[in-house]
Amino acid sequence: MRIVGVDEAGRGPLAGPVIAAAVVLHTRKPIIGLADSKQLSAKKREYLANKIQESAEAWSIGRAEPAEIDRINILQATLMAMQRAVGGLVQVPDIVLVDGQHCPKLIYPSVAVIKGDQKIAEISAASILAKVHRDLEMCCLDMHYPGYGFKKHKGYGTVEHLIALKKLGPSKVHRRSFAPVWQYAKRERSD
């Protein structure tokens, strides 16, 4: 049976895309150390992401951009990123296991698994890939949008980020539908 694990990274940040990953692990090449990405150090996540990419039967990344998040809301954008990740697989799944409470609309059987990233290896692998890809992207965005601290906080609403947002206003990669960003975008419009 070909099991696809799906998870996302980046639902909560104020900036950047939401990234989803879909992974089919190779049954004869187990990867030791898979866990929820939030429970692993950055170094361990990067190591495991390389192992997953090398030995998984298939993997794919899907994304939804800040403008899409603003247009359809973060939950729908997350589900869309998941659809894109599953759609990018070269393998046809028998079943798709999705971390959380919601499944994207797919043509394959799918099951939402609460805390699946802690229970199911395929979802753990997807969690790791999504987090590593998103963190890398936020480091790149830090170079394009200096001053916000994206490399450090990855777009989350830290005190440092909120101070930068107040000082610089929202960038093109900020999610304008999120309250702290919306406040500063609204202020820009009224100036």
task: Sort out which residues of the stretch 23-48 are of a type in the set (S, T, N, Q) and crowded, with 20+ Cβ neighbours inside 10 Å, and write them in order of number.
output: S37
field: Subset of the stretch 98-108 [over 17 Å from the mean Cα position of the chain (by Cα) and under 21 Å from A56 (Cα atoms)]
entry: Y108
query: If you go through the stretch 110-126 one residue at a time, do you hit one that is under 30 Å from A185 (Cα atoms), in contact (Cβ under 8 Å) with a residue 24 or more places away in the chain, surrounded by fewer than 19 Cβ atoms within 10 Å (Cβ to Cβ) and not assigned by TED's automatic domain parsing to the domain that holds V173?
result: no
query: Pick from V18, V6: which is closer than 17 Å to K119 by Cβ, within 14 Å of the chain's Cα centre (by Cα) and not acidic (D, E)?
result: V6
statement: Taking the stretch 103-162 and keeping only residues that are within 30 Å of L25 (Cβ to Cβ), acidic (D, E) and out of contact with any strand residue (DSSP E or B) (no Cβ under 6 Å at 6 or more places or on another chain), one is left with D135, E137
task: Check off (1) of a type outside the set (S, T, N, Q); (2) in contact with a Cys (Cβ under 9 Å, 6 or more places away or on another chain); (3) surrounded by 13 or more Cβ atoms within 10 Å (Cβ to Cβ) for H153 and give me the number that stays unchecked.
output: (2)
query: Yes or no: P30 touching a Phe, Trp or Tyr at 6+ places or on another chain (Cβ under 7 Å) and either among the basic types (K, R) or part of a loop (DSSP other than H, G, I, E, B) (or both)?
result: no
- prompt: Where in the stretch 56-171 are there strands (runs of 3 or more DSSP E), lying fully within it, with 3 or more residues that are touching a His at 6+ places or on another chain (Cβ under 7 Å) and either over 18 Å from G16 (Cβ atoms) or β-branched (V, I, T) (or both)?
  reply: none
query: Among the residues of the stretch 44-69, which ones are under 13 Å from A130 (Cβ atoms) and among the β-branched types (V, I, T)?
result: I52, I61
message: Let me confirm something: among V98, V92, V24, V86, which residue is farther than 30 Å from P170 by Cβ, in contact with an Asp or Glu (Cβ under 6 Å, 6 or more places away or on another chain), outside the structural domain of H161 (by TED's automatic domain parsing) and of a type in the set (A, V, I, L, M, F, W, C)?
response: V24
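The values are calculated or read from the model by the stated rules, or taken from the named source; none is laboratory data. Just so it is clear, the model here is predicted, and its values are computed rather than measured. Ideal geometry is used to build each Cβ from the backbone, glycine not excepted, and the neighbour counts take in all protein chains shown.
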